[in-house]
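Trainee: Below is one structure. I have some questions about it.
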Amino acid sequence: MAQKKKSPSPLIHLSEKQIEQLREIDERLHRVAQERRATLRAPRPGVHAEQTFGSITFRYETVRCGKANCTRCPHGPYWYAYWKENGRTRSRYVGRVLPEKARQIYEEKQRAKLERQTRQT
Ligand SMILES: [Zn+2]
């Protein structure tokens, strides 16, 4: 069996601030979905949110698997990252929620913020 090649996460190209912004969008989308099953203004059909950081565009979108007898299409929405490499558009599945790395950076920032606030009082 062939070894599964693990491609690097597109998140490694982002700064911590950008990951934090993305994380905030992710949380807002989940809140909105829970509250009223509504979506944000869609830039195009199937795309629930879109955010560009430098050369990478993140889209939160629903996808069709293409199976003729699938009764659960469209699937998702999921996060996908898009970027250009040698003039070609590349994409990578990120996940239903942003991965652990983004979460960790975000939580560390929140902790640091809390600590600063505690020191001030
Ligand atoms: Zn399907």
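Trainee: With the requirement that a residue be more than 10 Å from the chain's Cα centre (by Cα), surrounded by 13 or more Cβ atoms within 10 Å (Cβ to Cβ) and within 16 Å of the ligand (Cβ to nearest atom), what does the stretch 52-74 give you?
Mentor: Scanning the stretch 52-74 gives T62, V63, P74.
Trainee: Turning to a different aspect of this structure: Go through the stretch 1-26 and give me each residue that's open to solvent by less than 60 Å² (accessible area, probe 1.4 Å) and either among the charged types (D, E, K, R) or at pLDDT below 70 (or both).
Mentor: Result: E20, R23, D26.
Trainee: Continuing with the same structure: Looking only at the stretch 51-63, decide whether some residue is within 23 Å of K109 (Cβ to Cβ), at pLDDT 85 or above and in contact with a His (Cβ under 6 Å, 6 or more places away or on another chain).
Mentor: Yes, the stretch 51-63 has at least one match.
The values are calculated or read from the model by the stated rules, or taken from the named source; none is laboratory data. A quick note: this is a predicted structure, and the numbers were derived from the prediction, not measured. So basically every Cβ, Gly included, is an ideal-geometry build from the backbone, and we count neighbours across all protein chains shown. We work out accessible area using only protein heavy atoms, side chains counted, and drop any ligands, DNA or RNA first. Shrake-Rupley method; radii C 1.70, N 1.55, O 1.52, S 1.80 Å.
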